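Just below is one structure, and these are the notes that go with it.
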Amino acid sequence: MQLFQLIGIAFITAIAAILLKETKPELAFAVVIAGSIILLLFVFDMLKEGMGIFAQISEIAGIDISLVKILLKMVGIGYIVEFSAGILTDFGQNSLADKLIFSGKIIILILAIPIIESVFELIVGLLGLIK
């Protein structure tokens, strides 16, 4: 099962980083980054398999696929930023992690503009029907 592979990679990375931290702390950081990248690659591969479902949902619901893609990008950015900020926090870079999270939120806000426009168009259309 893929979940156990992810857990195994995480534990091996953590143990290797702990062992290296005592003798070569700079190498421990590199091991954690490499393990994190491997985890992300596994997850992205699993995510690619499930992307077709979102296209089917948008088609059934009559939602423009571009809006669904934007939503998925927003969620992905949120997860990647949180993941990266967690790594920074693990290495004592709390201030940098906070700035990364803030930057991610700004990017998500910018990406949300087309969705906000669509919601306003829908509201205006509904108000036009009511009058």
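The values are calculated or read from the model by the stated rules, or taken from the named source; none is laboratory data. Keep in mind it's a predicted model, so treat the numbers as computed, not measured. Quick reminder, even Gly has a Cβ in these numbers, built from the backbone with ideal geometry, and neighbours come from all protein chains shown.
When segment 51-79 is limited to residues that are among the hydrophobic types (A, V, I, L, M, F, W, C) and surrounded by fewer than 13 Cβ atoms within 10 Å (Cβ to Cβ), the one that is modelled with the lowest pLDDT turns out to be M51.
Would you check which residues across segment 80-98 are small (G, A, S) and either in the same structural domain as F29 (by TED's automatic domain parsing) or surrounded by fewer than 16 Cβ atoms within 10 Å (Cβ to Cβ) (or both) and list them? Give the derivation first.
Restricting attention to segment 80-98, the residues satisfying the condition of being small (G, A, S) are 84-86, 92, 95, 97.
Selection gives G86, G92, S95.
Of all the criteria given as (1) assigned to a helix (DSSP H, G or I); (2) free of Cβ contacts under 8 Å to residues at least 40 places away in the same chain, the one not satisfied by I63 is (1).
Please specify each residue of segment 15-33 satisfying the condition of being among the small types (G, A, S) and surrounded by 14 or more Cβ atoms within 10 Å (Cβ to Cβ).
Filtering segment 15-33 for residues among the small types (G, A, S) gives 16-17, 28, 30.
Within segment 15-33, A16, A17, A28 meet the criteria.
Is it true that some residue in segment 40-49 is in contact with a Ser or Thr (Cβ under 6 Å, 6 or more places away or on another chain), surrounded by 12 or more Cβ atoms within 10 Å (Cβ to Cβ) and either in a helix (DSSP H, G or I) or free of Cβ contacts under 8 Å to residues at least 12 places away in the same chain (or both)? Don't jump to the end; show me each part of the working.
If we filter segment 40-49 for residues that are in contact with a Ser or Thr (Cβ under 6 Å, 6 or more places away or on another chain), which is where we start, we get none.
No.
Filtering K24, K73 for residues that are assigned by TED's automatic domain parsing to the domain that holds I7 and charged (D, E, K, R) leaves a single hit, K24.
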